[in-house]
Amino acid sequence: MGKIPKKGVENWLAKVKVMIKEAQDVENTVTNGRYVCRAWNGKLVDKKTREMKKLLDKVPNALGSLVIDGPSVGLPLPTSELVGEKPVKDEIWQCLMQEEVSKIGVWGMGGVGKTTIMKHIHNDLLKERIFYRVIWLTVSKEFNVVKLQDDIASALNLKKDLDKAGDKLKRAAFLSEMLKKAGKHILILDDVWDKISLEEVGIPEPTSGNGCKMVLTTRSEQVCKYIDCKVIKVKPLSEEEALILFLNKVGPNIVQSPTLMPTLRLVVKECAGLPLTIVVVAGTLKGENEPRIWKNALKGLKERIGKVEGAEAEVIERLKFSFDHLKDDKVKYCLLYCAFYPDDFKIPKNELIGCWIDEGFIDEMDTTEEMKDKGHVIMKKLEDNCLLEKCSNHLHWTCVKMHDAVRDMALSITNVNSRYMIQAGKQSEKLLKKDGWMADVEKVSLMRNSISRILKDRLSPQHQLLKTLLLQDNPIEKIPNSFFANMPCLSVLNLSRTKIERLPNSISKLENLTTLLLDGCQALRYLPCLSKLQGLKKLNLCQTKIEEAPEGMDMLINLRYLDLYVVTLKEIAIGLLPKLSRLQHLRFDEDNEKTSLKAEEVVPLEKLDPFAGVSKTSMN
């Protein structure tokens with residue numbers, strides 16, 4: 001029931017185990033002893049009996065309850081039903097139950113179902129409570145030793161302690177000791193792309209002696225062999241299994257249509273037994289009962305696959321078939337935007353829909369809530385087409401993520417015209433050199449890296465077409481004053497959760513800026529005058545350290561979204577808010593008496609959403 005013995009109980013039981021072995025030795029001695037040794041044997045038995053009574057007198061009754069709550073081994077992962085993968089799942093499970101098998105490598109091509117199988121095993125391990133801890137870690141293509149160390153420490157609730165450990169080597173030593181003390185555990189490393197040195201990361205070698213296990217999923221058999229794993233290959237589904245999965249996803253109306261079945265079977269065959277492509281293509285054709293549509297789909301699939309060579313390239317082409325069948329271009333842009341995030345990143349739904357609105361992928365409506373509703377409709381469509389997966393993050397927020405093969409497809413599309421530059425989550429420490437910034441690039445994502453400073457010699461002289469610049473979650477401390485001087489078209493700028501203390505004056509020149517996100521910039525104290533940013537629709541200053549509203553904010557006549565949840569804010573100037581007549585969302589620190597608002601300040605804001613963080617009826 002998730003309980004473990006108290007430490008005193010564990011120590012006492014260990015002594016009992018030793019005593020039982022010693023008693024067995026005495027019994028063997030007496031049984032095999034001669035008559036002349038009887039007296040000596042009697043003394044031996046008497047001595048051991050007294051020792052056992054003494055140990056019994058120390059039974060830990062005084063400890064009260066003999067057990068305490070065990071650690072949280074983890075939450076079940078959301079997953080889909082297995083069709084055809086059960087035999088390989090059973091094989092992996094049997095290996096896990098064998099004492100002599102400590103490391104298992106599950107490999108197969110992208111989209112074949114490796115992660116889905118391991119999610120089921122992960123959830124079964126939680127139910128069975130075979131291991132003290134079940135730790136799931138997603139490694140991904142952008143593998144980085146420090147990030148993996150951070151993820152392991154977070155799983156052990158030791159992230160703060162790890163941060164104090166020092167350099168990479170000391171961190172590895174600290175993690176190794178903590179994992180050794182973590183009891184019998186299993187590490188599941190999902191989506192491993194390259195060879196990993198367990199010693200460099202700080203993962204102790206799993207052995208039959210310590211009872212620990214490790215399972216990794218990968219597209220490379222060589223990765224499994226490098227780590228000396230028991231190798232298990234996940235093969236594509238058989239034709240019959242593939243057909244069952246397809247029919248489960250495509251809907252009952254199609255299943256009941258005998259005229260479609262011959263073409264449907266051929267479409268399934270083109271999916272090559274890969275669960276990912278089967279469910280994506282099925283989602284694309286769900287509800288389509290016109291034979292000509294199915295025949296055209298079959299023709300399109302064959303043509304796409306015939307143009308490329310290699311199994312991985314064929315997977316991407318099958319996914320592009322589904323992408324092309326998204327009838328609305330803005331829905332396509334919404335999907336491609338998800339590739340701006342790092343590989344395997346869990347994107348909070350509300351954050352993503354907010355980004356879609358900022359980018360203009362969702363048409364403007366009377367209220368923000370209507371636009372959010374439209375965003376949820378788009379997200380539901382992408383989920384139904386299996387192009388996005390539902391999930392939740394460590395904060396239990398509702399999220400979506402892209403399968404790595406779907407992200408590969410999205411990146412292949414964005415790479416065709418070179419208008420996007422995506423380098424998210426690569427742990428880069430410097431902004432890309434001049435030749436890394438294409439002159440005609442329109443959207444740049446450098447989020448979640450390790451960039452701490454933007455140097456002048458890293459700037460390209462002209463970025464005339466740049467519209468989106470995502471730099472959030474970087475430890476950026478300083479931005480050169482002229483950095484934004486040659487970005488006349490910049491519309492969306494995200495500097496959230498950086499370490500900047502002040503914004504450069506060149507921000508004032510961004511007259512086409514519509515979105516400025518600075519939430520979580522806990523060192524930010526200064527913003528230049530914003531009076532020229534009259535196109536600005538969204539300004540988020542949440543959790544910054546500003547003490548007064550930025551100069552020129554009264555000129556932001558198009559502002560729809562304003563987050564001033566800032567504990568250091570000394571006042572909101574009287575007469576400021578009524579000038580922001582289009583404001584729909586307003587949030588501030590209601591516990592800060594210095595920023596309390598009078599009713600007359602808010603009543604003129606006729607478009608203000610009463611659920612956006614402040615209610616007109618609650619004003620002083």
Q: Over 31 Å between C-alpha atoms is what I'm after, so list which of K346/K499; K6/K168; K233/K295 land there.
A: K6/K168; K233/K295
Q) Given G183, N123, L465, which one lies farthest toward the positive end of the charge dipole of the chain, if we put +1 on the Cβ of every Lys and Arg and -1 on the Cβ of every Asp and Glu? A) G183
**Q.** Reported label for calculated volume of the Cα convex hull per residue in Å³ given (1) 190; (2) 319; (3) 215
**A.** (3)
Q: For a quick protection proxy, order the peptides 214-225, 191-202 by their average other-Cβ count within 10 Å, most packed first.
A: 214-225, 191-202
Q) Roughly how big is segment 239-324's charge dipole about its Cα centre, with Cβ charges of +1 (Lys, Arg) and -1 (Asp, Glu), in debye to the nearest 20? A) 280
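Starting from segment 251-352, pick out the GluC sites (Glu not before Pro) whose DSSP state is loop and whose Cβ has at most 11 other Cβ atoms within 10 Å.
Numbers: sites: E270, E288, E303, E309, E312, E314, E317, E351; in loops: E288, E309.
Here the sparse-neighbourhood loop sites are E309.
With 30 Å as the limit, write out which pairs from K180/K235; K160/K381; K430/K579; K164/K195; K299/K330; K235/K302 have Cα-Cα distances beyond it, or answer none.
Details: K180/K235 35 Å; K160/K381 40 Å; K430/K579 41 Å; K164/K195 27 Å; K299/K330 26 Å; K235/K302 22 Å.
Checking Cα-Cα distances, K180/K235; K160/K381; K430/K579 exceed 30 Å.
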Q: Read phi for every residue in segment 133-142 and hand back ³J(HN,Hα) as whole Hz from Karplus 6.51 cos²θ - 1.76 cosθ + 1.60, θ = phi - 60°, with x for Gly and Pro.
A: 9, 10, 10, 9, 10, 9, 8, 6, 5, 7
Q: Could you point to the residue in T514, I546, H376 farthest towards the positive end of the chain's charge dipole, with +1 and -1 charges on the Cβ of Lys/Arg and Asp/Glu respectively?
A: I546
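Quick one: compute the contact order of segment 329-401, relative version, from alpha carbon pairs under 8 angstrom and 6+ residues apart, as a percent. Numbers along the way, then the final one.
On the way: 68 pairs, mean separation 26.6, N = 73.
Dividing the mean separation by the residue count of segment 329-401 yields 36 percent.
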**Q.** Sequence-distant residues sharing a close amide H with Y565 (under 5 Å, placed H)
**A.** L541, C542, Q543
Q. So what is the 222 nm mean residue ellipticity for the chain from helices alone, if each DSSP H run of at least 4 adds -39500 (n - 2.57) and you divide by all residues, rounding to the nearest 500 deg cm²/dmol?
A. -11500 deg cm²/dmol
Q) Which ³J(HN,Hα) values, rounded to whole Hz and listed in residue order, are derived for segment 8-16 from phi using the Karplus coefficients 6.51, -1.76 and 1.60 in 6.51 cos²θ - 1.76 cosθ + 1.60 with θ = phi - 60°, glycine and proline given as x? A) x, 5, 4, 4, 5, 5, 5, 5, 4
Q: Amide H neighbours of S392 under 5 Å, at least 5 residues apart or on other chains, H built in the peptide plane: list them.
A: C399
Q) So what J values fall out for segment 157-162 if you push phi through Karplus, 6.51 cos²θ - 1.76 cosθ + 1.60 with θ = phi - 60°, rounded to Hz, Gly and Pro as x? A) 6, 10, 4, 5, 5, 5
(Q) If the only charges are +1 at each Lys and Arg Cβ and -1 at each Asp and Glu Cβ, what is the size of the charge dipole of the chain around the Cα centre, to the nearest 20 debye? (A) 1880
Q: Pull out the extension gain between E290 and N415, defined as 0.36 nm times the separation in residues minus the alpha carbon to alpha carbon distance; nm, one decimal.
A: 41.6 nm
**Q.** Under-5 Å amide H pairs with I104, H placed in peptide plane, nonlocal only
**A.** M214, V215, L216, K230
**Q.** segment 469-519 versus segment 245-290: alpha-carbon centroid distance in Å
**A.** 47
Q | Share antiparallel - DSSP beta bridges, the chain, percent rounded to 5 | A | 15
Q) If contacts are Cα pairs under 8 angstrom and at least 6 residues apart, what is the relative contact order of the chain in percent? A) 7
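Taken together, the values in this text are just the output of simple stated rules run on the coordinates, not laboratory data. Just so we're clear, the structure is a prediction, and the values are computed from it rather than from any experiment. No Cβ is skipped: glycine too gets one built from the backbone with ideal geometry, and neighbour counts run over all protein chains shown.
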